[in-house]
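Here the structure is laid out as structure tokens; the discussion comes afterwards.
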Amino acid sequence: MSTKELTIGFVGNPNCGKTTLFNAYTGANLKVANWPGVTVEKKEGAMRFHDESYRLVDLPGTYSLTSYTMEETVARQYILSDDVDVIVDVADASALERNLYLTLQLIELGKPVVLALNMMDIVQERGMEIDLHRLPEMLGIPCVPVSARKRTGLEILIHTVAHHQDKSQGEKIIHHHDPESSRHKDAEEHHRHYAMVYSDEIEDKIDEIEERLKKGYPELENLRWHAIKILENDQELKKQYPLDFSDILSQDYEKEIINQKFEFIEEVIAECVVNRTRKTEATDRTDRLFTHPVLGLPVFLLIMAFVFFLTFTVGDWLKGYFEIALEFLTKITVDGLLALGVGDLFVSLITDGILAGVGGILTFLPNIFILFLALAFLEDSGYMARVAYVMDGIMGRIGLSGRAFLPMLLGFGCTVPAVMASRVLENPKDRMKTILITPFMSCSARLPIYVMFSGLFFGDKAMIAAFSMYVLGLAVAICSAFVMKLLDKDRESNMLLIELPEYKTPNAHTIYIYVSEKVKDYLSKAGTTIFLASVFMWVVMNVGPGGFTKDMDQSFGAAIGKVLVPVFAPIGLGYWQIVLALISGIAAKEVVVSSCSVLFGIGNVTTKAGMGQLSALLGSMGFGPANAYALMVFCLLYVPCMAAVATIKRETGSWKWTGAMAAFQLLTAWVMAFLVFRIGTMLF
């Protein structure tokens, strides 16, 4: 093996287990960024095997190398570059037939390809068998059985990759076709060297295009692949190599090439897979409920309600221990600072500003952890794809593709990746509409607000009050999209095409990586944005026109809040402290909680004693359940955090459109909070 670092590109269909396999190799040794110039996520990792270094790149999930979507374009450009040494094609072995189309395209590239037959444990569970001797003979590449979930076959796969890096074809190709039955002059040669051999007519066309490309571009490598793509009328390659092929391209051959590929795939499956027709009865029975046109949506809501039950019950139980730790830390910090003779002003900054703000947010970490753990479990089990399928009918009726629900689902975690995920939509109008409504999904940053205010005012109904925010956000998003549909007279229908992966036991390692990344993001935000916001809030509440003041009513913060009180009074939020907390929440939604701690002068506001103090203080101001629910609704619907706003600007490329979006969300939040408050005052 060469001493240079080997670069391995992981390619595969969505839901084939590619990322799970990639994570099994890299573990925590990975970095996530965007591909240059596009918003498609790029994951890179490093590993060592037998004292050799490997660079692993997880490419976007794609069904083909035809540049119809941004993911396919990115995957193809990277594979064609000189950066990748070996391609690992990760295929779902339990659904090999639909995965082999991409495999054949990768083989035609002429680069070293190793087929990783993932999910072999599922193959065995179903009683299926794959002939691992005949399959490499028909494809001409090494085929290695692995299970990323059970971490089996990993060493054999990487060992195969290491020894296959200099070979475009790794196995002797043995077809059962008779070359003599073909009139093509190179039929025997083709069947010896190419896994995919087309009809005589197609092969003749390929030869003609190859000859023309060779004359026009003598240095061009892999003429066969380029010729096939040009025959498929690939616009990108035709622009890149602007030769006249009009006399050869007498018709569109793309469908014919696709059909012949699938005919060959059927031959491969017939010869190499046994018992593939055995029905997956458990999956079918489950899907009768989870994908039912009527019951599917209520089941989803019940599952999410159970998630919030866990988030509150288990999360609050763990949260209690965090509160005890925060109280202890605050006490020893105050005692230590006073023992050192530190001034009251600095003690207040540390305890009332930093510890109360950042510490208060950290006490919600158990709730956040439980939420992400549950979402990761649902995603890795294969259920979330069913939710998108169930929502397709509803999304179609409101003028959006069912695919638009995928970014909206991500919005339950974080608005930033949810907005970026809107690139899966091919229709630009759909994309802009989805970006507009996605921030209405209740991201995890809002959860601390719901937990605190529902706990303060709704007692044993706190979980229901918090869960209603998620349902309300979804309802507002759907209604907004429906209104936009009525205003859009040029609406084109867009059907959802989505693969429903097999249900499987979630992989512990995959869930660990997902949850740990989210927790790290939360802690990072607590250490940066929330820390700075807490310090800033302490300053504006302790500094006024006359300098430092102990009377918050004389501070700059109070002056700013009081100016805006008339705007917020009709929605039950006419308190300058609440107004200022909402303004601070634009930096990060969690800051609303930390700001309340600073603004109301209550240390450790998230502890039982602190919440009791805050409840009594708010009650004395006339702030009751209707006000609290209006506050939660406003926090749900108003402008997302600055990171999300910046992402929206980058995705849309327009500050004007971003500003209009922010204005629309502020107006929606005000109107909904007004309605909720007015109705609530009649009920409470």
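The values are calculated or read from the model by the stated rules, or taken from the named source; none is laboratory data. Note that the structure is predicted; figures quoted are calculated from it, not measured. Cβ atoms come from the backbone with ideal geometry, glycine included; neighbour counts cover every protein chain shown. Side chains are part of the model used for accessible areas, which takes the heavy atoms of the whole protein and leaves out ligands, DNA and RNA. Shrake-Rupley method; radii C 1.70, N 1.55, O 1.52, S 1.80 Å.
Here's a check for you: in region 536-591, which residue that is in a helix (DSSP H, G or I) and among the aromatic types (Phe, Trp, Tyr) is farthest from Ser442 (Cα to Cα)? Step through it out loud before you land on a result.
To start, the set of residues in region 536-591 that are in a helix (DSSP H, G or I) comprises 536-542, 552-554, 556-571, 576-584, 591.
With the extra rule that they be among the aromatic types (Phe, Trp, Tyr), the set shrinks to 536, 538, 556, 568, 576.
Details: Phe536: 26, Trp538: 28, Phe556: 31, Phe568: 22, Trp576: 25 Å.
Within region 536-591, the match that is farthest from Ser442 (Cα to Cα) is Phe556.
Here Gln124 clears all of (1) out of contact with any Leu (no Cβ under 6 Å at 6 or more places or on another chain); (2) open to solvent by less than 10 Å² (accessible area, probe 1.4 Å); (3) modelled with pLDDT under 85 except the condition numbered (2). Does at least one position in region 220-227 carry a residue that is modelled with pLDDT of 85 or more and farther than 20 Å from Leu106 by Cβ? No, region 220-227 contains no residue that is modelled with pLDDT of 85 or more and farther than 20 Å from Leu106 by Cβ.
May I ask you to verify whether Arg76 is at pLDDT 85 or above and among the basic types (Lys, Arg)? Break it down stepwise before answering.
Numbers: at pLDDT 85 or above: no; among the basic types (Lys, Arg): yes.
So Arg76 does not fit the description; no.
Name the residues in region 310-340 that are aromatic (Phe, Trp, Tyr) and open to solvent by 30 Å² or more (accessible area, probe 1.4 Å), would you?
Let us first name the residues in region 310-340 that are aromatic (Phe, Trp, Tyr), namely 312, 317, 321-322, 328.
Answer for region 310-340, where residues must be aromatic (Phe, Trp, Tyr) and open to solvent by 30 Å² or more (accessible area, probe 1.4 Å): Trp317, Tyr321, Phe322, Phe328.
Condition check ((1) at pLDDT 80 or above; (2) within 30 Å of Ala673 (Cβ to Cβ)) across all residues:
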position: Met452; (1), (2): yes, yes
position: Met463; (1), (2): yes, yes
position: Leu487; (1), (2): no, yes
position: Glu492; (1), (2): no, no
position: His509; (1), (2): no, no
position: Leu523; (1), (2): no, no
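Look at (1) touching a helix residue (DSSP H, G or I) at 6+ places or on another chain (Cβ under 6 Å); (2) assigned to a helix (DSSP H, G or I) and you find that Val639 fails only one, number (2). Within region 457-468, residues that are farther than 17 Å from Leu618 by Cα sit with their Cβ atoms under 7 Å from residues that are part of a helix (DSSP H, G or I) and among the β-branched types (Val, Ile, Thr), at 6+ positions apart or across chains, in these pairs: Ala466/Val451. All of Thr652, Thr607 fail the test of being touching a Ser or Thr at 6+ places or on another chain (Cβ under 7 Å) and hydroxyl-bearing (Ser, Thr, Tyr), apart from Thr652. So is Arg48 surrounded by 16 or more Cβ atoms within 10 Å (Cβ to Cβ) and of a type in the set (Lys, Arg) or not? So Arg48 does not fit the description; no. Pairs linking a residue in region 621-638 that is farther than 13 Å from Val476 by Cβ to a residue that is open to solvent by 10 Å² or more (accessible area, probe 1.4 Å) and of a type in the set (S, T, N, Q), with Cβ atoms under 8 Å and 6 or more positions apart or on different chains, are Ala626/Thr681.
Residues of region 262-285 that are part of a helix (DSSP H, G or I), at pLDDT below 80 and either touching an Asp or Glu at 6+ places or on another chain (Cβ under 9 Å) or over 20 Å from Gln124 (Cβ atoms) (or both): Thr283, Arg285.
Answer with yes or no whether Val274 is open to solvent by 60 Å² or more (accessible area, probe 1.4 Å), more than 30 Å from Gly393 (Cβ to Cβ) and not polar (S, T, N, Q).
Working: open to solvent by 60 Å² or more (accessible area, probe 1.4 Å): yes; more than 30 Å from Gly393 (Cβ to Cβ): yes; not polar (S, T, N, Q): yes.
The answer is yes for Val274.
Looking across region 51-105, the residues that are open to solvent by less than 20 Å² (accessible area, probe 1.4 Å), under 25 Å from Leu220 (Cβ atoms) and part of a loop (DSSP other than H, G, I, E, B) come down to Leu59, Thr62, Ser64, Leu65, Thr66, Val84. Quickly run through region 62-73 and pick out the residues that are at pLDDT 80 or above and over 20 Å from Phe262 (Cβ atoms). Passing the criteria: none in range. If the condition is being open to solvent by less than 10 Å² (accessible area, probe 1.4 Å) and either over 29 Å from the mean Cα position of the chain (by Cα) or modelled with pLDDT under 90 (or both), then region 148-160 contributes only Ala148.
If I ask for residues that are in a loop (DSSP other than H, G, I, E, B) and not hydrophobic (A, V, I, L, M, F, W, C), which ones from region 106-131 would you list?
Step one: filter region 106-131 for residues in a loop (DSSP other than H, G, I, E, B), giving 109-112, 119, 126-128, 131.
Those that are in a loop (DSSP other than H, G, I, E, B) and not hydrophobic (A, V, I, L, M, F, W, C): Gly110, Lys111, Pro112, Arg126, Gly127, Asp131.
Just for region 559-583: of the residues that are under 14 Å from Met621 (Cβ atoms) and of a type in the set (A, V, I, L, M), which one is surrounded by the most Cβ atoms within 10 Å (Cβ to Cβ)? Of everything passing the filter in region 559-583, Ala581 is surrounded by the most Cβ atoms within 10 Å (Cβ to Cβ).
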